[in-house]
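These notes concern the structure reproduced below.
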Amino acid sequence: MPTAADPVIVKPANGQASPAASAAAASFAALVGKLDYLSAGEIENVRQAYRFADEAHLGQMRKNGDPYITHPIAVAAQCAEWKLDAQALMAALMHDAIEDCGVTKQDLVERFGAPVADLVDGLTKLEKLEFDTREQNQAESFRKMLLAMAKDVRVILIKLADRTHNMRTMGDMPRSKWKRISSETLEIYAPIAHRLGLNFTYRELQDLAFRFLNPWRYEVLSKALNKSRNRRKDLIARVQGEVDTAFRQFGLSVRIMGREKTLYSVYRKMDSKHLSFSQVTDIYGFRIVVPELSDCYTAMGVLHQLYKPLPGKFRDYVAIPKVNGYQSLHTTLIGPFGTNIEFQLRTHAMDVVAESGVAAHWLYKASEPNSDTSQHLGTQWLQSLLDIQQETHDASEFWDHIKIDLFPDAVYVFTPKSKIMALPRGATVMDFAYAIHSGVGNRAVAVRINGEQRPLRTELNNGDIVEIITSDSAEPNPAWLSFVKTGRARSKIRHHLKTLAQEKSNELGERMLGQALRSEGIAPLPTEDGPYKATWEKLLRFTGNKTRSELLSDIGMGKRIASMVGKKLAVLLAETGLKPDALLISTERYASGEDESVSQGVVSLDGSEGLSVQYAPCCKPIPGDRIVGYLGRGEGLTVHAEDCPTGKRLLARDSERFLQVEWADEPVRPFETMVLVTVTNGKGVLARVASAIAAAEADITHVDMGDEPAQTATDIRFSISVRDRQHLADVLRSLKRTTSVLKAQRYKP
């Protein structure tokens, strides 16, 4: 075993350390040189982790011939730049130990404690599991990493350091891997770095990915930028001199730094706006760091006196920070020779946050132990990952939600109490409602934007004041999924709809099984606990369901036939001594008819069944119509009119899936049907017909006049909501009394 004093160095037979091993040791020594912010005990813990990792990776080499341990050391060095704590540095050194070296999480728990083991486990991909596709594997791996990151942000910081070093050494990898790894970096890791405010890492990852995705374009742009830099050297020096002089004359102490657009951002601007390189005018800019927050605005006043500002190019991210915590004043000025120059003004604290984002928390802890500045950066988004996970168990769906939330751009809107909310560009009213609280989103019925009533699908703009109007009886609408933009809103709506469908199908299944059991002479449906617990367990083994609730839901969704389950339950109950009631059997059979193909009992419908019962669009049945119920496989109960041609075809093909249904005495809502009105074409006809329908107290939900040019006599189809057949008859009478109406009748497509 190595001594506690020095890192492991593998020596060849001649007793001399190999150059590769010496390089690894030297790089670890360089890492130790960056750990002056840690205590002696913490540095020793990091050293122990290094020894463990070095031993685990012994004999493994990177593509360029270096010992593999040089990679974990480089990752830990990047984490040390962010001043991460000793646990994070230990995890960085051992981040590939579980995946590549056969080390178990339990080994790490025993050797280094649970917190370090959890960090390493969060960084470990899921390649040992079997997945159908590479995409599914990738989605699961990202889900694991992102959830670990939501619990502890150090996971993603180590992962970003890992990806950055891999991208820096991509040239050693086979060219066949360049495209996949670079695309993944550009689409996933760079946006995450931006979302967490790691601006320096974000810019570097973008440029490295661009370099390996488009080597030729990267090279051409790089040469063009170098030439431009040489040509504009004098201009930049002149601007820097003039700005420095202006601030000294004003007596304001500032730090001035040049800033240059990354190659990728130049390329993206040229590509999206169809510009040539010479037309991109804002390649160069300056960052001005001032002592205090109020100095940001004073410094901007000095600059605006020196050079004229470009209208519409001022952004105040100090008063309204970006979603990742970024704060600065941005202004574009017209400098010497008419050149546009962007200036960013910020304090030192803002500068640290702008470059390091969530990592600024550790930077601050290192320099100011009692400061909690930036501690909550990015935590809102990280918490939303956990919220989405609770409602989304499919990895691909989870990852789709996350990608939606990685928009780099945002709009800033206000609640009625002047609280600022940041949302992705293109976000709608419903995204805002769910960002406040899922209860607000689920109960939303209307909205006022800047005091005016607007539709719920309205896209929000910067500065909008949004007031959501709710109702206790409201529920999410599946149509909202077609326009919401954020992963949080999408997952909340889907979760509620799934839960609602489950509840409704559960209720319907219970009613259907109860009716089926009545046909076998037993009522009421026995409860799951008490003397019939063993009976239900036997029934669940027979059906293959895990719980009573799941069985009832399957019956309600048509995955199981209630009469078959009812017969089996009756047999099991008979074994316990519960005998069928002969009078109940005869009553039920008389009610349903001996010769009927269905003997499940009658299900009563009042319109309150929700998603588990659908009223067929082909015949649009309403109370008073004779109806039948078709139990589709996994689709719930579909109600057809008895004379519906579609229903008759299904009955001939699949009669065992039909059951008797009837209307309740008092339906709780109106039902949609269609009327065909033939009118004499003329001025004001449509208004008169609509008034006649309204006079009969029916609501019009849709009007269809067809695509043909208007003739002397024209057919108009109305979808209307009525209470029952009697109400429909009243509507038709009202229409027939209307001038210009030649004929009015119920219409079935």
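Identify all residues within the stretch 53-79 that are more than 24 Å from G171 (Cα to Cα) and surrounded by fewer than 24 Cβ atoms within 10 Å (Cβ to Cβ); write none if there are none. Hits for the stretch 53-79 are E55, A56.
For the stretch 636-675, a residue qualifies if it is hydroxyl-bearing (S, T, Y) and in contact with a helix residue (DSSP H, G or I) (Cβ under 7 Å, 6 or more places away or on another chain), and exactly one does: T673. Pull up the stretch 478-502, narrow it to residues that are touching a residue at least 12 places away in the same chain (Cβ under 8 Å) and over 18 Å from the mean Cα position of the chain (by Cα), then point me to the one that is nearest to V413 (Cα to Cα). Ranking the candidates gives L500 first.
Which is in a helix (DSSP H, G or I), in contact with a strand residue (DSSP E or B) (Cβ under 9 Å, 6 or more places away or on another chain), among the polar types (S, T, N, Q) and at pLDDT 85 or above, of T701, T646? The match here is T646. Residues of the stretch 546-577 that are surrounded by 14 or more Cβ atoms within 10 Å (Cβ to Cβ), in a loop (DSSP other than H, G, I, E, B) and at pLDDT 80 or above: none at all. Where the second residue is aliphatic (A, V, I, L, M) and the first is within 18 Å of D207 (Cβ to Cβ) and lies in the stretch 171-184, which pairs have Cβ atoms under 6 Å and are six or more apart or on separate chains? As it stands, the answer is S182/A209; S182/L213, since those pairs meet every condition given.
Restricting attention to the stretch 30-54, the residues that are of a type outside the set (G, A, S) and either closer than 13 Å to D96 by Cβ or not assigned by TED's automatic domain parsing to the domain that holds N166 (or both) total 2. In the stretch 316-338, which residue that is among the small types (G, A, S) and over 39 Å from the mean Cα position of the chain (by Cα) is surrounded by the most Cβ atoms within 10 Å (Cβ to Cβ)? The qualifying residue surrounded by the most Cβ atoms within 10 Å (Cβ to Cβ) is G335. All but one of (1) crowded, with 19+ Cβ neighbours inside 10 Å; (2) farther than 22 Å from V352 by Cβ hold for S278; state the number of the condition that does not hold. If we test S278 against (1) crowded, with 19+ Cβ neighbours inside 10 Å; (2) farther than 22 Å from V352 by Cβ, just (1) comes out false. Filtering the stretch 101-140 to residues that are farther than 14 Å from V155 by Cβ, of a type in the set (A, V, I, L, M) and at pLDDT below 80 leaves V103, L126, L129, A139. In the stretch 512-524, which residues are of a type outside the set (D, E), assigned to a loop (DSSP other than H, G, I, E, B) and buried (at least 18 other Cβ atoms within 10 Å of the Cβ)? The answer is G521, I522. Of the residues making up the stretch 442-466, those that are charged (D, E, K, R), surrounded by 15 or more Cβ atoms within 10 Å (Cβ to Cβ) and more than 23 Å from K322 (Cβ to Cβ) are R443, R448, R454.
Looking at the stretch 298-315, which of the residues that are in contact (Cβ under 8 Å) with a residue 40 or more places away in the chain and under 17 Å from S328 (Cα atoms) is surrounded by the fewest Cβ atoms within 10 Å (Cβ to Cβ)? Ranking the qualifying residues of the stretch 298-315, first place goes to T298. Name the single residue, out of those in the stretch 489-517 being at pLDDT 80 or above and of a type in the set (K, R), that is nearest to G439 (Cα to Cα). Of everything passing the filter in the stretch 489-517, K492 is nearest to G439 (Cα to Cα). State all residues of the stretch 492-522 that are of a type in the set (G, A, S) and in contact with a helix residue (DSSP H, G or I) (Cβ under 6 Å, 6 or more places away or on another chain); if no residue qualifies, say none. Across the stretch 492-522, the qualifying residues are A501, S505, G509, A516, S519, G521.
Being β-branched (V, I, T) and either over 12 Å from A427 (Cα atoms) or loosely packed, with under 13 Cβ neighbours inside 10 Å (or both) is the filter here; which residues of the stretch 470-495 pass it?
The answer is T470, I493.
Table: residues versus (1) over 27 Å from E81 (Cβ atoms); (2) free of Cβ contacts under 8 Å to residues at least 24 places away in the same chain.
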position: L208; (1), (2): no, no
position: V220; (1), (2): yes, yes
position: K227; (1), (2): yes, yes
position: V239; (1), (2): yes, no
position: T245; (1), (2): yes, yes
position: R255; (1), (2): no, no
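Please verify whether the stretch 692-700 includes one or more residues that are without any contact (Cβ under 8 Å) to a residue 24 or more places away in the chain and either surrounded by fewer than 18 Cβ atoms within 10 Å (Cβ to Cβ) or under 25 Å from C619 (Cβ atoms) (or both). Yes, the stretch 692-700 contains a residue that is without any contact (Cβ under 8 Å) to a residue 24 or more places away in the chain and either surrounded by fewer than 18 Cβ atoms within 10 Å (Cβ to Cβ) or under 25 Å from C619 (Cβ atoms) (or both). On the stretch given as the stretch 183-206, residues that are under 21 Å from the mean Cα position of the chain (by Cα), surrounded by 23 or more Cβ atoms within 10 Å (Cβ to Cβ) and over 22 Å from K83 (Cα atoms) total 1. Filtering the stretch 652-668 for residues that are exposed (fewer than 14 other Cβ atoms within 10 Å of the Cβ), of a type in the set (K, R) and assigned by TED's automatic domain parsing to the domain that holds I627 leaves a non-empty set. Among the residues of the stretch 34-52, the ones that are surrounded by fewer than 18 Cβ atoms within 10 Å (Cβ to Cβ) and of a type in the set (V, I, T) come to 1 in all.
Just to verify a result, which residue in the stretch 240-270, among those that are of a type in the set (G, A, S) and either under 30 Å from L205 (Cα atoms) or touching a Gly at 6+ places or on another chain (Cβ under 6 Å) (or both), is surrounded by the fewest Cβ atoms within 10 Å (Cβ to Cβ)? Result: G258.
Can you spot a residue in the stretch 67-77 that is in the same structural domain as R168 (by TED's automatic domain parsing), in a loop (DSSP other than H, G, I, E, B) and over 19 Å from L160 (Cβ atoms)?
yes
A quick yes/no check of all residues on (1) surrounded by fewer than 16 Cβ atoms within 10 Å (Cβ to Cβ); (2) acidic (D, E); (3) closer than 23 Å to C618 by Cα; (4) not assigned by TED's automatic domain parsing to the domain that holds Y615:
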residue: L676; (1), (2), (3), (4): yes, no, yes, yes
residue: V685; (1), (2), (3), (4): no, no, no, yes
residue: V703; (1), (2), (3), (4): yes, no, yes, yes
residue: R723; (1), (2), (3), (4): no, no, yes, yes
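The values are calculated or read from the model by the stated rules, or taken from the named source; none is laboratory data. All values derive from a computational prediction rather than experimental measurement. Quick reminder, even Gly has a Cβ in these numbers, built from the backbone with ideal geometry, and neighbours come from all protein chains shown.
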